[in-house]
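Below is one structure; the comments refer to it alone.
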Amino acid sequence: MIAAVLYGSENLKIENVVIPTLAADEALIRVKVALTCGTDLKVWKRGYHARMITPPAVFGHELAGVVETLGSDVNGGLKVGARVVPSNSAPCNVCLFCRKGQTNLCEDLLFNNGAYAEYIRIPGRIVRQNMLEIPAHVSFQDAAMVEPLACVLRGIHETGIQPGDTTVVIGCGPIGLKFIRILAGRGVNVIALAKRPNQVRAAEKFGARAAFIATDLTDPAKAVRDLTEGCRGADSVIEAVGTPMTWQWALQMVRRGGTVNLFGGCSRGTLVQLDPNALHYSEITIKSTFHHSPRFIREALDAIARGEIRSSDFVNAEIPLTDLPKMFEHMKNRNGEMKVAVIP
């Protein structure tokens, strides 16, 4: 089969590789569509991911496809030919964190990569827990958005955002725009801070009450607070960038008693200065939402099936698998693509 194999930093090759063989509890999926994402772009740049991929390896993790082959022990009604969306992970359900209901922090969280290929092997644990059949009216491309949307939905849940709240979303890449689309559609007043004019336009299209290019504002925190009731600040802030400056902005934009979700992770070794006086006396809650869980994979597919979010709003290019190395080179310069559909 044809696959994109990552050998190291910005070293991606399209090669013929052997179709994976299956254990008795595994499934082989014929990939109909795989989507690019910011994580895969980072993996391509760095040449590895400490928890998810060690080169040389086929990578990519947002996909939808058709069951090609099933291991002899796979049950539960799954059949060859079924349209499915497999998650990129599954928890062990026995470690301390799983027993505490924090399955995203599982000590043995099983990750799976290999979406940029004609076929992908799905480990048994994912087949049992985290591979779902796609409703007949949902397209493969829409279904492939389940994994990132699950992360967004879990972030909203963890932040405690309610209809009628005012929420700031810092960062209008694909993840930030998904937050805006879902929150605005659920009756939340969204204020967005973006980096580029096209992101401002997208944020407004997706329902943001107000959207700005952050660097155009002399004082972004004050500009946001001025748009809130009594200039008190937002009920919550979703930081979806991952820089010390935007983390600091988030804490300056939230009201007393509000919640900040530092969704965008900073690079290892980053130091951020925070005002402990403001945190303590304003009772600000700080959260960081990492990854997803089986519950939110299911909620994401349900949201897509209801039409809350569509891939056509985010996918603005479609390429054959053989063009993927060139596309990553193009995306490295941030040339405007939000997500690209890769068709094996």
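Numbers at a glance
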quantity	calculated
Simple spin-label estimate for K42 and R334 in nanometres, 7 Å along Cα-Cβ	1.5
From phi via Karplus (6.51, -1.76, 1.60), per-residue ³J(HN,Hα) for the stretch 227-236 in Hz, x at Gly/Pro	8, 9, 4, x, 6, 7, x, 7, 5, 8
Karplus (6.51, -1.76, 1.60) ³J(HN,Hα), θ = phi - 60°, over the stretch 94-109, in Hz, Gly and Pro reported as x	10, 6, 4, 5, 5, 5, 8, x, 10, 5, 5, 9, 2, 6, 10, 4
The chain, relative contact order [Cα under 8 Å, separation at least 6], %	18
Highest average packing first - 301-311, 200-210, 112-122, Cβ atoms within 10 Å	112-122, 200-210, 301-311
Shape of the stretch 150-287, Cα gyration tensor, a/c cut at 1.5	rounded
Neighbourhood net charge (15 Å Cβ-Cβ; Lys/Arg +1, Asp/Glu -1) for R232	-1
For the stretch 150-287: relative contact order, % (alpha-carbon pairs under 8 angstrom, 6 or more apart)	21
Additional length obtainable on full extension of the chain from V94 to Q162, 0.36 nm per residue less Cα span	21.2 nm
Shape of the stretch 1-117, Cα gyration tensor, a/c cut at 1.5	oblate
Mean projected area in nm² (Cα convex hull; one quarter of hull surface) for the chain	17.3
Radius 14 Å from Cβ of A278, net charge of other residues (Lys, Arg +1; Asp, Glu -1)	+2
Efficiency of FRET between D275 and Y7 - r from beta-carbon atoms, R0 56 angstrom, step 0.05	0.80
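Read the figures in this text as sums done on the coordinates, not as results from a lab. This one's a predicted model, so the numbers in the text were calculated from it and none came from an experiment. Cβ atoms come from the backbone with ideal geometry, glycine included; neighbour counts cover every protein chain shown.
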